[in-house]
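Below is one structure, written out as structure tokens; the observations come after it.
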Amino acid sequence: MKTFGRFLIFLKSLLVRGESFRILANRTLDEAVLIGINSIFIVGVVSTFIGAVTCVQVAYNLTSAFIPNSTIGFMVREMTLLELAPTITSIVLAGKVGSNIAGGLGTMRITEQVDALEVMGINSASYLVLPKIIASMLMFPLLVILSMFLSILGGYVAGSLSGALTGQEYIDGIRQNFIPYNIVFALIKSVVFAFLISSISSFQGYNTKGGALEVGAASTNAVTNSIIAVLIADFICAQVLL
């Protein structure tokens, strides 16, 4: 509870003595490149193979002659939109982005760069952390949209190559009983996950004390705590929004 209280105070400090809009915008764009553009490859690889594996495994389990093959495409779409794309992508990004944020801020803290900003009269929390959180909340939904597309495409390729179903059957399945709100739900979750991952990782890195060993520990704690928070938030979002 004490740590949670410190976390809330940390979030409040982000909004005090903030930088000008121009500086904040420039810092946010820089962070967006680091968080979003540099994560495209890993998100693309993971999403494509998750979609492919999901398609193959669903086809393996649907052995009844009374179930049409198009059901495979339907199940891949539903699993991708509701869970795999937003949640798995966020967990992957918690490892990549979260550890990077915590490690970077932790290094700045132990090398007294954060203290130097404070001496110059700059709110270091607002200057260093707020752009990371905003950039994460902007880029995570875009990465999740990319993940959705590549996951469904991976399922299409895997299904066609394995002979489990034809391309037309797969397309008929992903068109079956489509609910547009599911995409909105996935994007809302991605924004929530982005805030949790970026803020928790920043908190861990910003409050690092000691040396290089403690920076590594902060990165590990950032990833672990972020993943736990994502899973809890995933359950809460499902209960509230569905």
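The values are calculated or read from the model by the stated rules, or taken from the named source; none is laboratory data. Treat the numbers as computed from the prediction; the structure is a model and nothing was measured. All Cβ positions, even for glycine, are placed from backbone atoms using ideal geometry, and neighbour counts span all protein chains on display.
Restricting the search to the range 122-146, which residues are of a type in the set (Val, Ile, Thr), more than 30 Å from Thr48 (Cβ to Cβ) and buried (at least 20 other Cβ atoms within 10 Å of the Cβ)?
Of the range 122-146, the ones of a type in the set (Val, Ile, Thr) are 122, 129, 133-134, 144-145.
Retained after the next criterion (residues that are more than 30 Å from Thr48 (Cβ to Cβ)): 122, 129.
The answer is Val129, and nothing else.
I need the full set of residues from the range 1-60 which are more than 16 Å from Phe140 (Cα to Cα) and among the hydroxyl-bearing types (Ser, Thr, Tyr), in order please.
Scanning the range 1-60 gives Thr3, Ser13, Ser20, Thr48, Thr54, Tyr60.
Within the range 56-73, count every residue that is aliphatic (A, V, I, L, M) and not in a helix (DSSP H, G or I).
Let us first name the residues in the range 56-73 that are aliphatic (A, V, I, L, M), namely 56, 58-59, 62, 65, 67, 72.
When the remaining residues are screened for being not in a helix (DSSP H, G or I), the result is 62, 65, 67.
Counting residues in the range 56-73 that are aliphatic (A, V, I, L, M) and not in a helix (DSSP H, G or I) gives 3.
If you check Ile200 against the conditions, is it in contact (Cβ under 8 Å) with a residue 40 or more places away in the chain and among the aliphatic types (A, V, I, L, M)?
yes
Leu165 passes all but one of (1) buried (at least 16 other Cβ atoms within 10 Å of the Cβ); (2) touching a residue at least 40 places away in the same chain (Cβ under 8 Å); (3) part of a helix (DSSP H, G or I); which number fails?
The one condition Leu165 does not meet is (3).
Any idea which of (1) at pLDDT below 90; (2) touching a Cys at 6+ places or on another chain (Cβ under 9 Å) is the one Ala59 doesn't satisfy?
(2)
Residue check: is Gln204 surrounded by 22 or more Cβ atoms within 10 Å (Cβ to Cβ) and out of contact with any strand residue (DSSP E or B) (no Cβ under 9 Å at 6 or more places or on another chain)? Working first, answer last.
Working: surrounded by 22 or more Cβ atoms within 10 Å (Cβ to Cβ): yes; out of contact with any strand residue (DSSP E or B) (no Cβ under 9 Å at 6 or more places or on another chain): yes.
It is true that Gln204 is surrounded by 22 or more Cβ atoms within 10 Å (Cβ to Cβ) and out of contact with any strand residue (DSSP E or B) (no Cβ under 9 Å at 6 or more places or on another chain).
Table: residues versus (1) at pLDDT 90 or above; (2) touching a Ser or Thr at 6+ places or on another chain (Cβ under 6 Å).
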{"position": "Asp115", "(1), (2)": "no, no"}
{"position": "Ile145", "(1), (2)": "yes, no"}
{"position": "Leu153", "(1), (2)": "yes, no"}
{"position": "Gly167", "(1), (2)": "no, yes"}
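Write out, first by first residue and then by second, each pair whose Cβ atoms fall under 7 Å of each other, whose residues are 6+ apart or on separate chains, and whose first residue, in the range 221-242, is under 16 Å from Phe185 (Cβ atoms) while the second is part of a helix (DSSP H, G or I) and charged (D, E, K, R).
That search, which allows pairs on different chains as well, returns Asp234/Lys189; Cys237/Lys189.
Determine which member of the set Leu150, Leu146, Leu105 is over 14 Å from Thr89 (Cβ atoms) and hydrophobic (A, V, I, L, M, F, W, C).
Values: Leu150 fails: over 14 Å from Thr89 (Cβ atoms); Leu146 fails: over 14 Å from Thr89 (Cβ atoms).
Just one listed residue meets the conditions, Leu105.
Of all residues in the range 168-197, count the ones that are part of a loop (DSSP other than H, G, I, E, B) and touching a residue at least 12 places away in the same chain (Cβ under 8 Å). Outline the logic, then answer.
At the first step, the residues of the range 168-197 found to be part of a loop (DSSP other than H, G, I, E, B) are 176-180.
Now narrow it down to the ones that are touching a residue at least 12 places away in the same chain (Cβ under 8 Å): 176-178.
The total comes to 3.
Look through Val97, Val53, Val33, Val76 and report the one residue that is in a helix (DSSP H, G or I), in contact with a Cys (Cβ under 9 Å, 6 or more places away or on another chain) and modelled with pLDDT of 90 or more. Explain how you work it out, then say what you get.
Values: Val97 fails: in contact with a Cys (Cβ under 9 Å, 6 or more places away or on another chain); Val53 fails: in contact with a Cys (Cβ under 9 Å, 6 or more places away or on another chain); Val33 fails: in contact with a Cys (Cβ under 9 Å, 6 or more places away or on another chain).
Unique residue meeting the criteria: Val76.
Answer with yes or no whether Thr89 is within 19 Å of Met139 (Cβ to Cβ), β-branched (Val, Ile, Thr) and surrounded by 21 or more Cβ atoms within 10 Å (Cβ to Cβ).
Values: within 19 Å of Met139 (Cβ to Cβ): yes; β-branched (Val, Ile, Thr): yes; surrounded by 21 or more Cβ atoms within 10 Å (Cβ to Cβ): yes.
Here the answer is yes, as Thr89 does meet what is asked.
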